[in-house]
Amino acid sequence: MTAESDFASIADDLAPAGVVLGQMFGAKALYFNGKALGCLLRSNNAVFKLGRASAAHAAALTIEGATLFYPGGGTRAFKDWVQVPEAQSQHWPELAELALNAATATP
């Protein structure tokens, strides 16, 4: 499977919960009620919005190669977001679910 097909599969799996595919930074993204949950970057890495103070965020950063997300390779991190490399794509479905949980927990 490719990163794009893996990401599309995640969207399909979460569709019953109201998750839809959209665009973010010119790339495929997961949205719930207009809130971005995750995005597949052109580098085939994925990013997920988990909330910087959450246990999910801390756990995601322990995945090999995972980092805070620096959009466009800049110097300012989106601190609620974790970037996970394609080599660790087996974690993406769980991280997408955790991002959905975070989005539904906030007003």
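Numerical summary
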| item | result |
| --- | --- |
| Residue within segment 9-25 that is farther than 23 Å from T104 by Cα, surrounded by fewer than 19 Cβ atoms within 10 Å (Cβ to Cβ), at pLDDT below 95 and of a type outside the set (S, T, N, Q) present | no |
| Filtered residue count, segment 59-107, keeping only those that are out of contact with any helix residue (DSSP H, G or I) (no Cβ under 8 Å at 6 or more places or on another chain) and farther than 18 Å from L41 by Cβ | 8 |
| Search result, residues across segment 57-102 that are touching a Phe, Trp or Tyr at 6+ places or on another chain (Cβ under 8 Å), in contact (Cβ under 8 Å) with a residue 40 or more places away in the chain and crowded, with 16+ Cβ neighbours inside 10 Å | Q83, W92, L95, A96, L98, A99, L100 |
| Tabulated pairs, segment 4-27, first without any contact (Cβ under 8 Å) to a residue 24 or more places away in the chain and under 19 Å from A102 (Cα atoms), second part of a strand (DSSP E or B) and among the charged types (D, E, K, R), C-beta under 7 angstrom, 6+ apart or interchain | L21/K28 |
| R52 vs. criteria of a type outside the set (A, V, I, L, M), open to solvent by 30 Å² or more (accessible area, probe 1.4 Å), closer than 24 Å to M1 by Cβ and in contact with a strand residue (DSSP E or B) (Cβ under 8 Å, 6 or more places away or on another chain) | no |
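The values are calculated or read from the model by the stated rules, or taken from the named source; none is laboratory data. Quick caveat, the model's predicted, so the values are computed rather than measured. Methodologically, a virtual Cβ is constructed for each residue, glycine included, from the backbone with ideal geometry; neighbour enumeration extends over all protein chains shown. The protein model used for the area step is the full one, side chains on, heavy atoms only, and it has no ligands, DNA or RNA in it. Shrake-Rupley method; radii C 1.70, N 1.55, O 1.52, S 1.80 Å.
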